[in-house]
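Taking it in order: structure first as structure tokens, then the write-up.
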Amino acid sequence: MSDLTDKSKDVADQAQDVADKAENVAHKAGDAHSETAEKAGEVIQQNPVYRGFVTVGLLAYGVVHLVIAFICVQIAWGGGTSGQEASNSGATQQIAQQPFGYVVLIVCAVGLAALVVWQLIEAAIGNQQYSGAKRLFKRIASVGRSAVYAFLCASAVQAVAGAGGDSEEKQESMVGQVLGMPGGVVIIALAGVVIAAVGVGQIVSGVKKAFEDDLDGGVALWVKRLGQIGYITKGVAIIFVGGLFMWSSITHDPEAAGGTNSALRTLVDQPFGPSLLTVMALGIVAFGCFCLVWAFNARHEKAD
């Protein structure tokens, strides 16, 4: 009986040993798979064609902000028509109306699509110089950026197809539908809080110069100042948008919830509104110019 017990223990020990070895092999396989994926992502980011598309995309992103600033100035001083939107969609529509505008938009759409891929790679394997919560935050931020670039890419494609339409009206319609749902008021209010929080994050990035993490190598001080002014200005505008959403939830008025265009048009109706909107436009110009420099100094993960 004792011999049988000892043999049972030996079998159990051997089984445990096999299980431990199998688990170790599985971990190594998983690590190898992860390392292979990271290497593949790094190689893609070093491809000159891919990096060229990213440069085009960031140039397009900068141009869109410069066009938005131009529309802001027109709105501020009465030169803009009611159909112009000081927003990403409005900017792409404005570009489409220019000579060779559709060609420019097609190039922009391709570049913006490359930005989506770039940020998704960053979300998957990027920011390896960080660890823990900070790296997680950076990866989440990359996912958010990819969504912004995807929306702008879609706007460019819609403008080329002539199906852009009024983005503000579409948004108001969507907000109206949500407000009519059970709990819709809370959903819109929370959306406003989240949008405002994104705006605060932009301001913090500007103040702390966190955007330097996106730059490869050193840049001139004036570039950093452009980035600071641009991010802070964008943050203020986004907070304003979040405030409109929260106000919409309070008043149950879907027309009160608007995007950047509504926020800036609301600003111009305030005392000293045209001057304030002009200052905002200058801040947006700063961000647009920063993007033009960023296009040639974007940081990519380097393959070992």
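Things to note:
- Three-way shape call for segment 87-160 based on the alpha-carbon gyration tensor, with the a/c threshold at 1.5: prolate
- 5 angstrom amide H check on Leu215, placed H, neighbours 5+ away: Arg299
- With the whole protein complex present, Ile195 retains an accessible surface near 40 Å², based on a 1.4 Å probe.
- Loop-located chymotrypsin sites (Phe, Trp or Tyr not before Pro) in segment 261-304 (DSSP state not H, G, I, E or B) with no more than 15 neighbouring Cβ atoms inside 10 Å: Phe272, Phe296.
- Relative packing of peptides 246-252, 46-52 - highest average C-beta neighbours within 10 Å first: 246-252, 46-52
- Backbone HN-Hα couplings from phi across segment 89-104 [Karplus 6.51/-1.76/1.60, Hz, Gly and Pro as x]: 5, x, 5, 5, 5, 5, 5, 4, 7, 8, x, 6, x, 5, 5, 4
- Segment 178-304: C-alpha gyration tensor shape, a/c 1.5 cut-off, then a/b vs b/c: oblate
- Gain in span if fully extended, Ala210 to Gln97, counting 0.36 nm per residue against the direct Cα distance: 37.1 nm
- Which of Leu59, Leu267 is most accessible, then next, and so on - probe 1.4 Å: Leu59, Leu267
- Packing around the peptides 175-187, 106-118, 199-211, taken as the average count of other Cβ atoms within 10 Å per residue, puts them in this order, highest first: 106-118, 199-211, 175-187.
- A cut-off of 5 Å between modelled amide H atoms, ignoring neighbours fewer than 5 places along the same chain, links His252 with no other residue.
- Net length gained if the chain between Leu190 and Val279 were fully extended (0.36 nm per residue, minus Cα distance): 29.1 nm
- Label-point separation in nm, Gln177 to Arg51, each point 7 Å along Cα→Cβ: 4.4 nm
The values are calculated or read from the model by the stated rules, or taken from the named source; none is laboratory data. Note that the coordinates shown come from a computational prediction; the quantities given were computed from them, not determined experimentally. Cβ sites come from the backbone with ideal geometry, for glycine too, and all protein chains shown count toward neighbours. Surface accessibility is based on the protein's heavy atoms, side chains included, excluding ligands, DNA and RNA. Shrake-Rupley method; radii C 1.70, N 1.55, O 1.52, S 1.80 Å.
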